[in-house]
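To start, the structure under review is shown below, and the notes come after it.
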Amino acid sequence: MRRMLPPIVGIGLMICILGAFLVAPVQAQPPGWSGDDNFAFLLEVDGISAVDSDAANPIPVNLSESILLELSIDVSANMTIVEGVFSLLYLSIPIFSQPVFNNTLAPAGVSLNLINSSVSLADLIGPGIDLISGTIEGVFAITYSLWSSPSNTTSVSDNFVLRIGPQGTAALGSLPGLITIGFAVMSIFSLLKALEEFQKGIFAASKMRSGKTPKGVEIFPAAVVLRRKPGGKEKLSKDDLIARVGSAIQGADSVAKHAPKAMNIVTPKSKVPVGKLSKALKVKRDVAGRLAAAMTEAKIFQTRSVKTPTKKVAFSGMTLAGIYWSVMQLLGNAAPDLLTMALTLTGALVISVVIGYFMGWLSRIPKMGYDN
């Protein structure tokens with residue numbers, strides 16, 4: 001259900017228009033006001049002006065209590081308020097947006113206290129407010145055009161920062177803090193697992209490059225990826241297949257009996273790591289590795305790569321960058337804008353991809369198999 005600002009806003013607008021020429025002349029604006037020479041406004045949250053609130057000086061709020069929202073406007077020139085929006089953002093993501101006064105005529109001389117009302121954040125944002133902790137950025141923006149030049153628009157705005165929940169390390173003990181820590185631990189664990197897989201892939205590739213041929217390698221490492229010729233229907237009987245594989249490399253006669261079943265596991269166009277073949281055959285990895293080498297030497301299988309988690313590394317880096325901002329806004333009152341968030345995430349993704357492809361380059365192997 002969409003939440004609305006207090007109805008006094010609409011009433012205030014009518015008073016603003018109808019009583020424009022009855023109000024006192026506009027005086028010089030006191031400190032704390034925002035805007036420009038044509039349209040000035042004072043936005044206060046719990047008595048604190050938006051001008052005095054930023055990430056370093058947030059306004060502490062309690063979710064169980066309403067906040068006092070006050071808005072005063074001072075119009076010095078005949079204008080049309082094209083658009084006015086009041087928004088709340090969490091980690092640069094809009095969680096609430098409400099039009100205030102759109103396409104509204106505002107003659108010069110209007111000075112009005114437009115909003116003076118208690119507002120509940122829970123009522124504005126709705127369900128899920130308990131999952132938010134740290135900082136919320138509020139933005140009030142107005143776009144107007146002067147009657148003397150209706151085609152030209154000007155925008156004025158100001159923002160404020162609300163501090164929700166406990167501060168400092170105590171914030172990590174809140175529900176949002178525990179969720180953030182959980183995601184951080186999972187992301188770090190995922191990244192470490194991906195790097196471990198890369199390490200195994202690099203070692204496997206080194207062994208494959210040193211052996212140069214399946215016969216020279218003898219036992220394929222678990223990370224080596226096996227393929228079969230697309231549409232391959234080798235016309236070999238079970239006995240002929242076992243005999244061919246058994247004679248391919250030294251010692252293969254002891255593992256050749258698994259060749260027929262391996263043909264059902266490594267199907268045409270599939271990509272099956274030796275480790276997965278080992279689990280499917282329910283044999284030790286050395287057995288699966290020798291079988292894979294023999295079947296590759298016999299031109300039944302082919303290999304030209306090892307298993308590398310490039311995508312996992314790339315997205316783990318981007319996820320960690322996002323979690324960094326989550327932790328910072330919990331601990332350090334960070335309120336990054338959308339551009340900063342986008343640049344951080346993009347930079348982390350680019351760096352992670354470069355690292356991933358470099359590790360992929362280290363994991364390269366020579367092509368071995370049926371089309372040699």
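The values are calculated or read from the model by the stated rules, or taken from the named source; none is laboratory data. No experiment lies behind these values; they were computed from the predicted model shown. In this analysis, Cβ positions are derived from the backbone assuming ideal geometry, glycine residues included, and neighbour counts consider all displayed protein chains. Ligands, DNA and RNA are excluded from the accessible area calculation, which covers all protein heavy atoms including side chains. Shrake-Rupley method; radii C 1.70, N 1.55, O 1.52, S 1.80 Å.
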Exercise for review: Enter the Cα centre distance for the pair the range 264-281 and the range 66-101, rounded to the nearest angstrom.
Suggested key: 60 Å
Exercise for review: Please list SER190, SER92, SER247 in order of solvent-accessible area, largest first, computed with a 1.4 Å probe with all protein chains present.
Suggested key: SER247, SER190, SER92
Exercise for review: Could you sort out which of LYS261/LYS311; LYS238/LYS284; LYS212/LYS299 sit more than 24 Å apart by Cα distance in this structure?
Suggested key: LYS261/LYS311
Check your understanding: Under a plain spin-label model, where a point goes 7 Å from the Cα along Cα-to-Cβ, how far apart in nm are ILE351 and VAL51?
Key -> 3.9 nm
Practice item. Considering only protein heavy atoms, with the full assembly of protein chains and a 1.4 angstrom probe, order THR340, THR346 by accessible area, largest first. Key: THR346, THR340
**Study point:** Separation in nanometres of the label points that stand 7 Å from Cα toward Cβ, at ILE181 and ALA342
**Key:** 3.4 nm
Review point. Got a number for the accessible area of LYS229? Probe 1.4 Å, square angstrom, nearest 10.
Key: 100 Å²
Study note, to complete from the structure: Sorting GLU218, GLU197 on solvent-accessible surface, 1.4 Å probe, most exposed first, gives GLU218, GLU197
Point to revise | Separation of the SER87 and SER237 label points, Cα + 7 Å toward Cβ, nm | key: 7.6 nm
Check your understanding: How far, in nm, would the chain grow between LEU68 and TRP147 when pulled straight, counting 0.36 nm per residue and subtracting the alpha carbon separation?
Key -> 25.1 nm
